[in-house]
Amino acid sequence: MAEITLEKVVKKYGAVNVVHGIDLTIAHEEFVVLVGPSGCGKSTTLRMIAGLEDISGGIVRIGERVVNDLPPRKRNISMVFQNYALYPHMNVRENLGFGLKIAGEAPDSITKRVDEAADILGLTPLLDRTPAELSGGQRQRVAMGRAIVRRPEVFLFDEPLSNLDAKLRGQMRAEIKKLHQKVRTTVVYVTHDQVEAMTLADRIVVMKDGRIEQVGTPMEVFNHPRSTFVATFIGSPPMNLLPATIDGGAVRLADGTVVPVPERLRAFTRDGQKVTLGIRPDDISPVGHGLSQDGPGAEVGMVAELAEPLGMESLIYTRLAGQEVLAKLYGPRIVQPGEALIFRMALDRAHLFDAETGLSVRAD
Amino acid sequence: MSAVVESQTSKQVKRAGLTALAFLLMVVMCVPGLWVVLSAFRPNGEILAKPPVWVPENPTFDNFRKIFGLGTDQVAIPVGSYFMNSLIIALTSTLIALAIGMAGGYAFARYRFRGKGGIFLGLMLFRAVPGIALSLPVFIIWSKLGIIDTKLGLIIVYVSLNVPFTIWLIDGFFRQIPLSLSEAAQVDGCTRWQAFWKIEFPLARSGIAAAGVFAFLTSWNEFALASQLTRSTTSKTLPVGLLDFTAQFTIDWAGMCAMAVIIIVPALILTFLVQKHLIAGLTFGGVKG
Ligand SMILES: Nc1ncnc2c1ncn2[C@@H]1O[C@H](COP(=O)(O)OP(=O)(O)O)[C@@H](O)[C@H]1O
Ligand SMILES: [Mg+2]
């Protein structure tokens, strides 16, 4: 059993606090992704779990053990680094077997386990090459092989795909997912890429400025963002945010446009409250070209300023209440710049955030 | 069209000029050495001949026989002792300078500590002081300590001459090795010490070898300080021994040249053996992961 618990974990560099007391429990065999903008403390948190960074405060447990003062080698973990960190003076076989050799494993057992891992990752033809003779994707695979061959309780990944080109990144993402289905272990995966977070995670941990902003399944985080930060960070293109005021059961935008308060949020708003209306581009579409045409909605007339056809859909840049708004058109219809259209907002999927705190009005 | 041709010929002229310049430099650097080697194989008279004789007319090993005491006229120069002194002093001081250089270079490359920049600058400035400027104070201190005319005395001097350089060169090498390699090794089960010896040390080996060769050559060839701090066969090194060929009114140039060859040969052999590392060391050959 390798549950990981962080209790009020703090990291300070001198007087600078970079992780501000994180509480998080990662279940046995769970795949958790730490996601957030660069510099928010994801790597630092991961490295504290790994033992590569001293913990300034709080407690880290792996399984039943408090590991605060254990060196990495005693934590039964393995880690995949952003630059792969393959040993340049060893060939692939030696790289894979290094950990087992250090552990004093018998040579024939090392060979057997290295062959197994190489087989899982399709590395068998590369075993005699050195890292310099491998492509980026192959190096990435060797790094993963080195992680699984020791059969640790916990895998840690620090931006493992960010050095690959877009196509390879997609492939490797799928491979990591498959690997986790084959080799069940607890995984903590760090990335700044919300697509990786959405596709890989059992649960996403959104971080900002050394704090956890929200924890939840990808769908929870996507459908119920706790704050405007999460709302714009998760989902691409990002959610539109429009300043507004609650006025007699309606949301009044800056230019006086009025749309009804979404039914499910009515109980959480009060008259006169300054709010931010959040709505994803997917939920604003020209009438007759949207995802859901039924359910509660509001119709507004807007002028398309620019349209980007993406094949089956187009992204439309338009303007509402003096602010740029992105909308989506589903279907092969071409939209001309300057074309005036009636858009329908799917209000059952709209969000309201308190203008002062940036938190969802539903958040307690 | 003609412009292209012109630029090509001007390129060729440039290249030819560069080659000529490189050749000239090489000649300037090599001729004295060549002269010494040639002179080791001819009698004193021919060395002093005017106009100079380039190719020895009667090549001879007499000069070597003489220094080793094999010839008819015995020259009482204890080359064997000098050689052993040189070897012991150069090897020991090199090993110590390397050990300190590795520890120091690693510390500078990997750790943050107070006064790091200052200490590093201090080391480099110390290196900029000509050794001979220190010879008087060193002489006085050494004689108070009673280590004048001992191998230990010279070893200490050479270690301190070489340490700034070994630290600087080895620091550069460790700096090139990504920290994540050592971290990966620690996650893989190594202690920090094991991670150093199994991962970082092998990757910095070229730099360490280069630093070692330079330290050895510095100690092996050093004359100014050694001539002050040594007296007798217990500590005199080969370069100091060269002076034995000067008498009050005469200089045995041929003997001196033969001895110079004896000094050069081990240095050449060493350089040749580690030349692959030396080139990597001098060009900071990459060890990227
Ligand atoms: N050794 C260090 N000394 C001082 N500050 C550091 C050090 N390492 C990281 N930081 C700071 O800690 C913050 C978090 O860094 P990091 O965890 O690497 O961010 P992320 O991985 O989310 O991009 C950053 O602001 C970074 O500048
Ligand atoms: Mg990072």
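Numbers for the structure displayed
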quantity: Test for A:VAL33: is it surrounded by 14 or more Cβ atoms within 10 Å (Cβ to Cβ), more than 14 Å from chain B (Cβ to nearest Cβ), closer than 20 Å to A:PHE81 by Cα and within 15 Å of ligand 1 (Cβ to nearest atom); calculated: yes
quantity: Unmet requirement for A:ILE4, which otherwise passes all of (1) away from ligand 1 (no atom under 16 Å from the Cβ); (2) within 10 Å of chain B (Cβ to nearest Cβ); (3) crowded, with 18+ Cβ neighbours inside 10 Å; calculated: (2)
quantity: Near pairs, Cβ below 8 angstrom, 6+ apart or cross-chain, from segment A:187-209 (open to solvent by less than 10 Å² (accessible area, probe 1.4 Å) and basic (Lys, Arg)) to any residue that is away from ligand 1 (no atom under 12 Å from the Cβ) and part of a strand (DSSP E or B); calculated: none
quantity: B:ILE208 vs. criteria at pLDDT 90 or above, under 17 Å from B:GLY104 (Cα atoms) and part of a helix (DSSP H, G or I); calculated: yes
quantity: Hey, A:GLU94 out of contact with any Asp or Glu (no Cβ under 6 Å at 6 or more places or on another chain), under 17 Å from B:GLN194 (Cβ atoms), open to solvent by 10 Å² or more (accessible area, probe 1.4 Å) and not in a loop (DSSP other than H, G, I, E, B) or not; calculated: yes
quantity: Tabulated pairs, segment A:151-162, first in the same structural domain as A:VAL187 (by TED's automatic domain parsing) and within 22 Å of A:GLU116 (Cα to Cα), second among the small types (Gly, Ala, Ser) and within 13 Å of ligand 1 (Cβ to nearest atom), C-beta under 7 angstrom, 6+ apart or interchain; calculated: A:LEU156/A:ALA50
quantity: Filter result (within 16 Å of ligand 2 (Cβ to nearest atom), open to solvent by less than 20 Å² (accessible area, probe 1.4 Å) and within 14 Å of chain B (Cβ to nearest Cβ)) within segment A:36-64; calculated: A:LEU46, A:MET48, A:ILE49, A:ALA50
quantity: Qualifying residue in segment A:342-354 (condition: farther than 28 Å from A:LYS208 by Cα, open to solvent by 20 Å² or more (accessible area, probe 1.4 Å) and not in a strand (DSSP E or B)); calculated: no
quantity: Test: A:ASN76 is within 16 Å of ligand 2 (Cβ to nearest atom) and open to solvent by 60 Å² or more (accessible area, probe 1.4 Å); calculated: no
quantity: Yes/no for B:ILE155 being in contact with a helix residue (DSSP H, G or I) (Cβ under 8 Å, 6 or more places away or on another chain), away from every other protein chain (no Cβ under 14 Å) and modelled with pLDDT of 95 or more; calculated: yes
quantity: Total residues in segment A:7-30, condition among the hydrophobic types (A, V, I, L, M, F, W, C), away from ligand 2 (no atom under 16 Å from the Cβ) and buried (at least 16 other Cβ atoms within 10 Å of the Cβ); calculated: 4
quantity: Boolean, A:GLU116 is within 14 Å of another protein chain (Cβ to nearest Cβ) and open to solvent by 40 Å² or more (accessible area, probe 1.4 Å); calculated: no
quantity: Residue under evaluation A:VAL215, criteria (1) open to solvent by 30 Å² or more (accessible area, probe 1.4 Å); (2) assigned by TED's automatic domain parsing to the domain that holds A:LEU326; (3) touching a residue at least 12 places away in the same chain (Cβ under 8 Å), criterion not met; calculated: (2)
quantity: Residue identified as at pLDDT below 85, open to solvent by less than 90 Å² (accessible area, probe 1.4 Å) and either touching a helix residue (DSSP H, G or I) at 6+ places or on another chain (Cβ under 7 Å) or not acidic (Asp, Glu) (or both) among B:PRO32, B:PRO52; calculated: B:PRO52
quantity: Entirely in segment A:158-222, the strands (runs of 3 or more DSSP E) that have 1 or more residues that are within 14 Å of chain B (Cβ to nearest Cβ) and within 16 Å of ligand 1 (Cβ to nearest atom); calculated: A:186-191
quantity: Condition met for B:PHE165 (away from chain A (no Cβ under 14 Å) and free of Cβ contacts under 8 Å to residues at least 40 places away in the same chain); calculated: no
quantity: Failed item, numbered, when B:ALA185 is tested on (1) open to solvent by less than 40 Å² (accessible area, probe 1.4 Å); (2) in contact (Cβ under 8 Å) with a residue 60 or more places away in the chain; calculated: (2)
quantity: Top-ranked residue in segment A:149-182 [being surrounded by fewer than 18 Cβ atoms within 10 Å (Cβ to Cβ) and within 16 Å of ligand 2 (Cβ to nearest atom); ranked as farthest from A:GLN138 (Cα to Cα)]; calculated: A:SER162
quantity: All positions within segment A:36-50 that are within 7 Å of ligand 1 (Cβ to nearest atom) and touching a helix residue (DSSP H, G or I) at 6+ places or on another chain (Cβ under 8 Å); calculated: A:GLY36
quantity: Residue check, B:ALA211 away from chain A (no Cβ under 14 Å) and open to solvent by 20 Å² or more (accessible area, probe 1.4 Å); calculated: no
quantity: Test: A:GLU53 is acidic (Asp, Glu) and within 16 Å of ligand 1 (Cβ to nearest atom); calculated: yes
quantity: Unmet criterion (only one of (1) outside any helix (DSSP H, G or I); (2) away from chain A (no Cβ under 14 Å)) for B:LEU125; calculated: (1)
quantity: Every pair of residues 6+ apart whose Cβ atoms lie under 7 Å, when the first sits in segment A:125-147 and is within 14 Å of another protein chain (Cβ to nearest Cβ) while the second is of a type in the set (D, E, K, R); calculated: A:PRO131/A:ARG139
quantity: Options B:TYR82, B:TYR106; residue that is in contact (Cβ under 8 Å) with a residue 12 or more places away in the chain, aromatic (Phe, Trp, Tyr) and open to solvent by less than 20 Å² (accessible area, probe 1.4 Å); calculated: B:TYR82
quantity: Cross-chain or 6+ apart pairs with Cβ under 6 Å, segment A:41-53 first and touching a residue at least 40 places away in the same chain (Cβ under 8 Å), then near ligand 2 (Cβ under 10 Å from one of its atoms) and open to solvent by 30 Å² or more (accessible area, probe 1.4 Å); calculated: A:GLU53/A:ARG47
quantity: Hits in segment A:5-56 - residues which are on the phi > 0 side of the Ramachandran plot and part of a strand (DSSP E or B); calculated: A:LYS8, A:GLY21
quantity: A:GLY235, sole failed condition from (1) on the phi > 0 side of the Ramachandran plot; (2) within 16 Å of ligand 1 (Cβ to nearest atom); calculated: (2)
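The values are calculated or read from the model by the stated rules, or taken from the named source; none is laboratory data. Source: prediction; values computed, not measured. No Cβ is skipped: glycine too gets one built from the backbone with ideal geometry, and neighbour counts run over all protein chains shown. In case anyone asks, the SASA skips ligands and DNA or RNA and just uses the protein heavy atoms, side chains included. Shrake-Rupley method; radii C 1.70, N 1.55, O 1.52, S 1.80 Å.
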